[in-house]
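What follows is a set of notes on a single structure, which appears directly below.
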Ligand SMILES: Nc1nc2c(ncn2[C@@H]2O[C@H](COP(=O)(O)OP(=O)(O)O)[C@@H](O)[C@H]2O)c(=O)[nH]1
Ligand SMILES: [Mg+2]
């Protein structure tokens with residue numbers, strides 16, 4: 001359906017932890033709008049949202065997917081997001097383009113995991129209006145009340161039911177709508193019939209409606225007064241009050257149902273239209289004017305200058321590289337010239353597309369708020385702003401995710417290195433959490449990502465899309481080197497070989513910089529003992545020596561180097577000679593500056609059942625881990641700890657066996673610390689052996 005007005009748009013992120021039932025719910029919603037003629041299924045590999053073979057085979061979402069359908073007078077775009085830790089970032093970034101979220105969790109006590117909390121924190125950060133949907137009420141032992149209580153206790157949500165389930169498990173057949181005070185029963189053909197509330201639910205419904213009215217009116221003094229006076233509110237007053245409370249993120253209305261059994265789906269569509277705001281009601285988008293650097297903003301309105309935020313790239317097998325964006329302000333028609341204000345480049349927008357699962361539909365225009373895509377932009381990447389050249393604005397970039405794990409990638413066929421690198425770089429285009437580097441020392445291709453599963457999926461895609469088979473070698477720990485003391489040393493190169501010789505002579509002092517200080521270079525040469533044109537070569541020599549490492553071949557960091565003396569030769573000196581001399585001087589100085597190795601330290605949150613806590617902590621201690629604290633969380637414990645990366649490269653399988661599969665964890669880079677001396681010796685020996693083998 002083509003919409004003509006911004007008030008008709010709802011962009012809804014379907015979010016929550018993996019396995020909650022998001023994709024199944026999205027399929028049911030899509031089918032109910034009539035956009036698809038049968039309900040897709042995760043389990044049958046017929047989903048319109050889990051499109052990639054890697055997702056279908058695993059029956060879980062690895063990347064966000066989009067489709068849309070008409071409901072009432074609106075066009076609802078569904079953004080189905082992944083919920084597993086390794087793949088969260090993509091969905092969290094897509095929420096920038098959403099006007100609201102449906103937070104899905106299953107009808108069971110203690111089901112919420114770290115991922116659910118991360119998603120919730122993001123919703124809070126963005127001030128995103130949200131509804132909660134408790135899924136899987138058709139399962140045996142489904143527990144609606146506990147799930148609602150967990151939303152409050154675990155997430156701190158101001159959760160208030162707007163529905164009660166009718167029947168549970170096998171007998172689950174519909175919901176009580178607490179606004180209309182009617183039963184809405186799902187029929188087998190996907191439609192909904194309205195009935196009176198079953199007698200046995202009448203009194204529960206009445207008290208739930210009262211609680212609903214109270215929390216809706218709480219945010220509005222006038223309404224509260226009226227309610228206290230009259231003892232009740234009209235339905236439309238209640239909807240209006242709830243709409244406002246949702247818009248402000250003050251209340252989370254809770255709905256319920258089943259995606260796979262298509263129950264509670266039509267009522268959810270109704271509430272998406274009624275309660276989730278259109279882009280017009282969202283705050284103006286803020287950014288900066290790229291010319292002046294001043295803060296700038298765009299109201300979500302058609303009469304504002306055109307601006308678009310590109311939040312995702314998709315490598316489509318047919319259309320090529322698709323840039324997925326939201327029209328933040330103004331109106332976009334096909335064949336338009338814009339600028340990329342993030343990269344200061346011109347772009348030409350060709351055909352406009354709306355994403356419909358694995359397909360795209362061409363459209364004539366996209367209005368404010370709409371999510372669309374365009375193929376084959378030249379210089380645009382995810383996170384960029386595209387806009388009217390005459391009124392430029394630049395929006396904040398996407399969230400960055402630090403990688404937690406690295407593997408060396410080795411092609412199975414010799415000579416496939418370039419093909420592998422090119423393919424991986426293309427995959428990284430689509431997935432900014434994937435990083436590809438060439439290790440300067442070992443010449444290996446190093447692939448870094450959020451977790452082991454993330455890397456494994458990337459390798460599968462590499463084979464499917466680019467026909468390169470690779471092997472993953474032991475993950476490499478990115479150690480660093482630094483110094484602990486100041487030291488001075490000379491670096492002198494003198495070579496006489498037949499004709500012209502090589503001469504450079506430098507005296508360098510090095511000092512430790514505070515952690516994160518990087519590199520500083522100071523030139524204190526006076527009287528031209530080293531001519532000015534050679535100074536940059538000295539700096540370059542030191543930078544190269546640092547990059548290649550001095551004690552174990554790892555990058556050296558946090559050093560200040562001062563060039564304070566030296567000498568030159570009028571014929572034999574050259575840039576090259578000074579570069580080499582400086583590098584020698586720097587290395588000589590490092591030898592006397594108490595050089596040490598630094599190792600990456602991971603900050604980990606491990607969720608374990610009570611009875612496994614002792615074993616997990618004992619195991620952490622044997623990995624040189626520091627436990628920072630333990631917090632109870634809905635029947636489990638969250639252990640917060642700091643552990644050296646080298647000790648947790650393959651933590652997943654170990655935690656699985658310690659906890660019989662019931663533990664889960666997330667980790668991110670926290671910082672660098674000095675490697676204990678006895679381990680440092682081992683690392684140096686291994687690295688030097690490796691270097692000798694290479695040579
Ligand atoms: N019984 C039941 N199973 C469901 C329901 N929703 C999802 N599932 C199943 O739970 C699993 C995970 O569902 P999926 O939609 O992929 O969850 P997602 O990871 O949140 O997208 C699949 O095997 C689904 O068939 C539901 O409402 N009822
Ligand atoms: Mg999914």
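Quick note: the coordinates plus some simple rules give every number you see, no bench work behind them. Since this is a predicted model, take the numbers as computed values, not measurements. Glycine gets a Cβ as well: all are built from the backbone with ideal geometry, and neighbour counts include every protein chain shown.
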* Asked: To the nearest 10 degrees, how steeply does helix 535-548 sit against the main Cα axis of the chain, on a 0 to 90 scale?
  -> 60
* the chain: relative contact order in percent, alpha carbon pairs under 8 Å with at least 6 residues between -> 10
* Asked: Taking the highest mean first, how do the peptides 155-168, 72-85 order by number of other beta carbon atoms within 10 angstrom per residue?
  -> 72-85, 155-168
* Where labels lie 7 Å past Cα in the beta-carbon direction, separation of residue 4 and residue 390 in nm -> 2.5
* **Highest to lowest packing among 6-18, 364-376, scored as the average C-beta count within 10 Å** => 6-18, 364-376
* Structure fact -> With label points set 7 Å from each Cα along the Cα-to-Cβ direction at residue 335 and residue 121, the distance between them in nm comes to 4.9
* Pairing the Cα long axis of helix 575-591 with the longest principal axis of the chain, what angle in degrees results, from 0 to 90 and rounded to the nearest 10? -> 80
* Asked: Taking only C-alpha pairs under 8 Å that are 6+ residues apart, what is the relative contact order of region 602-694 in percent?
  -> 36
* Asked: For residue 180 and residue 59, what is the calculated FRET efficiency with R₀ set at 22 Å and r taken between the beta-carbons, to the nearest 0.05?
  -> 0.05
* Asked: Any idea how far apart residue 594 and residue 397 come out in nm if each label point goes 7 Å out from Cα toward Cβ?
  -> 3.6
* In the chain, what % of DSSP beta bridges are antiparallel (nearest 5)? -> 80
* Structure fact -> Taking alpha-carbon centroids only, region 183-205 lies from region 412-483 a number of Å equal to 54
* Please give the helix 265-275 orientation as an angle from the longest Cα principal axis of the chain, in degrees from 0 to 90, rounded to the nearest 10. => 80
* Asked: When the label point is put 7 Å from the Cα of residue 204 along its Cα-to-beta-carbon vector, which residues of region 146-177 have a backbone N closer than 13 Å?
  -> 146-148, 163-169, 171-177
* **24 Å tail of the calculated P(r), region 447-592, as % of Cα pairs** => 46
* Given only helices, namely DSSP H runs of n ≥ 4 each adding -39500 (n - 2.57), what is the per-residue ellipticity at 222 nm of the chain, to the nearest 500 deg cm²/dmol? -> -8500 deg cm²/dmol
* **Among 299-310, 674-685, the order from most to least packed when residues are scored by Cβ within 10 Å on average** => 299-310, 674-685
* Using the scaling law 2.2 N^0.38 Å as the reference, what is the normalised Cα Rg of the chain? -> 1.13
* Once you sort the root eigenvalues of the Cα gyration tensor of region 299-387 as a ≥ b ≥ c, which label holds: rounded (a/c under 1.5), prolate (a/b larger than b/c) or oblate (the other case)? -> oblate
* **Nearest-0.05 FRET efficiency for residue 443 and residue 570, computed from C-beta distance (R0 45 Å)** => 0.70
